[in-house]
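Engineer: Have a look at the structure that comes next, please.
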Amino acid sequence: GMPAMPAPTLAPRKKTRKIKVGSVYVGGDAPVSVQSMTTTKTTDINATLQQIAELTAAGCDIVRVACPTQDDAEALPIIAKKSQIPVIADIHFQPKYVFAAIEAGCAAVRVNPGNIKRFDDQVKEIAAAAKDHGTSIRIGVNAGSLDKRIMDKYGKATPEALVESAVWEASLFEEHGFHDFKISVKHNDPVVMVEAYRQLSERGDWPLHLGVTEAGPAFQGTIKSATAFGALLSQGIGDTIRVSLSAPPVEEVKVGIQILQSLNLRPRKLEIVSCPSCGRAQVDVYELAEKVTAGLEGMEVPLRVAVMGCVVNGPGEAREADLGVASGNGKGQIFVKGEVIKTVPESQIVETLIEEAMRIAETMEPE
Ligand code: SF4
């Protein structure tokens with residue numbers, strides 16, 4: 001068929017340098033990727049690989065694993081080899097694990113120069129080892145662990161402090177001719193975080209990894225991340241994202257993908273358009289929407305399904321969708337591409353919608 005027109009976005013992506021994280025490109029014209037981090041002990045290789053498999057199935061592009069001890073470092077070669085997606089080793093404090101992770105075949109290493117003593121002296125060797133192995137680096141500046149020199153100067157983790165730290169650390173790698181790195185400047189306050197990334201993006205063409213630290217439990221963390229990433233991505237800033245939630249990492253991936261889909265930075269898949277319900281509703285809209293969502297989980301085509309509580313706005317909205325239902329009088333009018341194809345008793349709405357969705361999906365191609 002005809003190639004689909006790309007969906008409009010709010011701003012062109014800012015041109016950043018393209019780097020490689022294993023098989024995934026980050027920056028430049030590469031699609032914004034979604035990352036998450038395992039919560040298992042890295043030493044528990046099977047559990048970690050199992051979680052990585054779950055993340056991969058959920059659509060995660062790149063996964064990070066913590067490496068706080070020698071035993072964790074020793075688990076990295078198998079994890080890096082068996083993971084289906086690129087693995088980034090997350091290193092704090094101990095430069096020796098940076099070298100171990102590079103040797104282990106990790107796609108990238110995240111370093112936090114703020115908490116590695118005498119980091120400046122180590123950069124030359126890190127850059128040389130990374131270059132040898134084709135490993136990229138993330139310079140992960142974090143409000144909670146800023147360099148003492150910068151904290152003394154700014155008093156607290158302001159956007160300017162985060163940016164100065166990042167630019168300084170970037171220059172250390174650049175002095176050694178190493179450019180295969182991306183940068184993050186994370187803060188738990190979306191306002192500070194957004195401002196820091198905006199300023200950083202003005203200062204260079206480094207690919208940027210977006211994240212709000214300690215974003216919180218699922219509800220708060222989702223909103224904080226969506227707000228902050230939305231503000232930046234809508235200005236073309238951000239090349240890879242990680243939503244941090246105090247919740248299972250698969251949830252982080254789902255939220256990340258949904259943010260990108262909402263901004264047309266990733267093709268939309270199944271979309272349930274359900275009304276908020278109101279006093280006119282003649283059916284339990286929440287339950288109906290939930291059952292339809294569950295029944296169609298994993299659908300790979302951009303199908304829009306409208307679930308409407310009554311016949312006031314119902315048919316209008318349902319007509320705009322590929323498929324929809326408007327309920328009333330204990331019945332559901334089922335619409336396909338704007339036409340009422342049948343009316344079924346309320347008890348059959350869910351199964352009818354799922355049946356019709358499957359039938360339509362077979363005629364559609366993934367975007
Ligand atoms: Fe209320 Fe009907 Fe609109 Fe749903 S579709 S919000 S029930 S008026």
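Engineer: Run lengths n ≥ 4 of DSSP H only: what is the helix-derived mean residue ellipticity at 222 nm for the chain, with -39500 (n - 2.57) per run over all residues, to the nearest 500?
Structural biologist: After summing the helix terms and dividing by the residues of the chain, the value is -13000 deg cm²/dmol.
Engineer: Can you give me the Cα centroid spacing of segment 254-304 and segment 1-59 in angstrom?
Structural biologist: 22
Engineer: So, one more: Sequence neighbours fewer than 8 away in the same chain don't count; with that in mind, list the aspartates and glutamates whose C-alpha is under 13 Å from Lys182.
Structural biologist: Leaving aside aspartates and glutamates fewer than 8 places away in the same chain, those within reach of Lys182 are Glu169, Glu174, Asp205, Asp239.
Engineer: Separate question: Which far-off residues, 5 or more places away or on another chain, put their amide H under 5 Å from the one on Ile341, with H placed in the peptide plane?
Structural biologist: For Ile341, the qualifying residues are Ile334, Phe335, Val336.
Engineer: Using a 10 angstrom cutoff on alpha carbons, build the Gaussian network for the chain and name the most mobile of Gln220, Gln51, Gln348.
Structural biologist: In this elastic network of the chain, the residue with the biggest mean-square fluctuation among Gln220, Gln51, Gln348 is Gln348.
Engineer: Let me ask something else about it. Taking neighbour counts of Cβ atoms within 10 Å as a proxy for exposure, in what order, fewest first, do Tyr197, Tyr154 appear?
Structural biologist: By the 10 Å Cβ count, ascending, the order reads Tyr154, Tyr197.
Engineer: Let me ask something additional. About the Cα centre, and with charges only on the beta carbon of Lys, Arg (+1) and Asp, Glu (-1), how big is the dipole of segment 35-154? Nearest 20 debye, please.
Structural biologist: Rounded to the nearest 20 debye, it is 300 debye.
Engineer: Taking θ as phi - 60°, what are the ³J(HN,Hα) couplings along segment 62-75 by the Karplus curve (6.51, -1.76, 1.60), each to the nearest whole Hz, with x for Gly and Pro?
Structural biologist: Residue by residue, segment 62-75 yields 9, 10, 10, 10, 6, 9, x, 9, 4, 4, 5, 4, 6, 7 Hz.
Engineer: While we're here: Most fluctuating residue of Leu353, Leu208, Leu76 in a GNM of the chain with Cα springs under 10 Å: which is it?
Structural biologist: Leu353
Engineer: Right, something else. Can you give the Rg and Dmax of segment 237-277 based on its C-alpha atoms, in angstrom?
Structural biologist: Considering segment 237-277 through its Cα atoms, Rg and Dmax are 12.1, 37 Å.
Engineer: If you take the square roots of the eigenvalues of the alpha-carbon gyration tensor of segment 87-130 and sort them as a ≥ b ≥ c, do you get rounded (a/c under 1.5), prolate (a/b over b/c) or oblate?
Structural biologist: oblate
Engineer: Specify, per residue and in Å³, the volume enclosed by the convex hull of the alpha carbon atoms belonging to segment 151-212.
Structural biologist: 72
Engineer: Work out the length of the dipole vector of segment 82-132 about its Cα centre, built from +1 on the beta-carbon of each Lys and Arg and -1 on the beta-carbon of each Asp and Glu, and round it to the nearest 20 debye.
Structural biologist: Taking the Cα centre of segment 82-132 as origin, the dipole is about 80 debye.
Engineer: Would you work out which of Leu323, Leu303, Leu270 lies farthest towards the positive end of the dipole of segment 270-339, given +1 charges on the beta-carbon of Lys and Arg and -1 on that of Asp and Glu, about the Cα centre?
Structural biologist: Selected residue: Leu323.
Engineer: Turning to a different aspect of this structure: Take the Cα radius of gyration of segment 130-185 and divide it by 2.2 N^0.38 Å, with N its residue count; two decimals is plenty.
Structural biologist: Rg over 2.2 N^0.38 Å, computed on Cα atoms: 1.22.
Engineer: Divide, for the chain, the radius of gyration over alpha carbons by 2.2 N^0.38 Å, where N is the residue count.
Structural biologist: Computed over Cα atoms of the chain, the ratio equals 1.13.
Engineer: Is the shape of segment 100-225 rounded, prolate or oblate, going by the alpha carbon gyration tensor and its root eigenvalues a ≥ b ≥ c, with a/c under 1.5 for rounded and a/b larger than b/c for prolate?
Structural biologist: Judged from the Cα gyration tensor, segment 100-225 comes out prolate (a/c at least 1.5, a/b above b/c).
Engineer: Moving to a separate point now. Looking at the P(r) of segment 1-61, how many percent of alpha-carbon pairs lie beyond 20 Å?
Structural biologist: The share of Cα pairs beyond 20 Å in segment 1-61 comes to 51 percent.
Engineer: Given a cut-off of under 8 Å on Cα pairs at least six residues apart, what relative contact order in percent is computed for segment 113-263?
Structural biologist: Relative contact order for segment 113-263 comes out at 19 percent.
Engineer: Moving on to the next point. I need to check one value: relative contact order of the chain, counting alpha carbon pairs closer than 8 Å and at least 6 residues apart, in percent.
Structural biologist: 14
Engineer: Dipole size in debye (nearest 20) for the chain around its Cα centre, Lys and Arg Cβ +1, Asp and Glu Cβ -1?
Structural biologist: Here the chain has a charge dipole of around 620 debye.
Engineer: If you don't mind, there's one more thing I want to ask. Hey, what angle do you get for helix 218-233 against the long axis of the chain, alpha-carbon based, 0 to 90 degrees rounded to 10?
Structural biologist: 80
Engineer: Please work out whether segment 23-177 counts as rounded, prolate or oblate from its C-alpha gyration tensor, where a ≥ b ≥ c are the square roots of the eigenvalues and a/c under 1.5 means rounded, while otherwise a/b larger than b/c means prolate and anything else oblate?
Structural biologist: Prolate shape, in that a/c is at least 1.5 and a/b is the bigger ratio.
Engineer: Set Lys and Arg Cβ to +1 and Asp and Glu Cβ to -1, take the dipole of the chain about its Cα centre, and tell me which of Met37, Ile126, Cys67 lies farthest positive.
Structural biologist: It is Ile126.
Engineer: For Lys342, which aspartates and glutamates qualify as cross-link partners when the Cα separation must be under 12 Å and same-chain residues fewer than eight apart are set aside?
Structural biologist: Cα-Cα hits under 12 Å: Glu356.
Throughout, read-outs are computed from the coordinates displayed, never taken from laboratory work. Source: prediction; values computed, not measured. Cβ coordinates were reconstructed from backbone atoms using ideal geometry, including for glycine residues, and neighbour counts include every protein chain displayed.
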